Each structure stands twice: as C-alpha cells, then as structure tokens.
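Single-structure report; data block below.
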Amino acid sequence: MKVTVELYGATKDLSSKNFLEFDVKNNSTVKDVKFEIIKFIDKKFEGNENLKKIIESSAFCSENDKIISENYIFSKSQTIGIIPPIGGG
C-alpha cells in the first residue's frame with residue numbers, strides 16, 4: 001500500500017517534488033509513516049536533527065483536510081499532508 005505525504009512549509013526541503021511516497025503494510029498508522037520519514041532523513045540528510053524535530057512536532061491531515069492522530073490507520077493507499085509548526089511573530 002502506498003502513502004503519499006504532501007510537504008508544506010519547512011518540510012518542503014525534503015523533496016524537490018513537494019511530496020514523499022512510502023510503501024507501507026496494510027493497517028499502518030501515521031506513527032509508522034513518521035518513522036519512515038525519519039528513516040528517510042537518516043539516509044538522505046545524514047540524520048539531520050533539526051529536520052527530525054520538525055517531523056516529530058508536525059501535525060498530519062487527511063485527504064479531507066482534517067487533522068489525524070498518530071493512531072490513524074491506513075486501510076488503503078492515500079495521500080496525507082504534513083503540517084509543520086510555524087514560527088514567527
């Protein structure tokens with residue numbers, strides 16, 4: 001099953017395509033996908049701790065633009081969005 005993660009804000013630095021795709025097992029959760037993103041950062045960005053912190057503190061949203069928890073279970077291939085924290089003032 002394929003999960004596509006649309007990248008927004010600071011996470012756009014992870015890919016020139018503005019999305020990442022992961023093959024995951026059926027009934028995987030958002031937490032599992034976060035783990036896959038962290039593994040991707042370890043491999044492609046030599047474990048960049050700042051990028052990892054952004055992923056750990058980000059929210060995720062469904063195809064219906066609703067915030068989903070880490071326990072959200074994927075029952076089919078789908079696209080989700082990652083919403084990183086926004087700083088500023």
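Working only within region 37-52, note down all residues that are within 19 Å of I83 (Cβ to Cβ) and surrounded by fewer than 12 Cβ atoms within 10 Å (Cβ to Cβ). Matches in region 37-52: N50 only.
Here's a check for you: in region 5-24, which residue that is closer than 19 Å to S69 by Cβ and outside any helix (DSSP H, G or I) is nearest to the chain's Cα centre (by Cα)?
Start the filter on region 5-24 by keeping residues that are closer than 19 Å to S69 by Cβ, which leaves 5-6, 8, 11, 22, 24.
Narrowing further to those that are outside any helix (DSSP H, G or I): 5-6, 8, 22, 24.
On the way: V5: 5, E6: 7, Y8: 10, F22: 10, V24: 13 Å.
It comes out as V5.
On the stretch given as region 22-64, residues that are out of contact with any strand residue (DSSP E or B) (no Cβ under 8 Å at 6 or more places or on another chain) and at positive phi total 2. With respect to the conditions (1) in contact with a helix residue (DSSP H, G or I) (Cβ under 7 Å, 6 or more places away or on another chain); (2) in a helix (DSSP H, G or I); (3) farther than 18 Å from L7 by Cβ, K31 falls short on a single one, namely (1). K66 fails exactly one of the following numbered conditions: (1) of a type outside the set (S, T, N, Q); (2) exposed (fewer than 10 other Cβ atoms within 10 Å of the Cβ); (3) touching a Leu at 6+ places or on another chain (Cβ under 8 Å). What is the number of that condition? Going through (1) of a type outside the set (S, T, N, Q); (2) exposed (fewer than 10 other Cβ atoms within 10 Å of the Cβ); (3) touching a Leu at 6+ places or on another chain (Cβ under 8 Å) one by one, K66 breaks only (3).
Since every read-out is calculated from the coordinates, none of them should be taken as a lab result. Just so it is clear, the model here is predicted, and its values are computed rather than measured. Backbone-built Cβ (ideal geometry, glycine too); neighbour counts: all protein chains shown.
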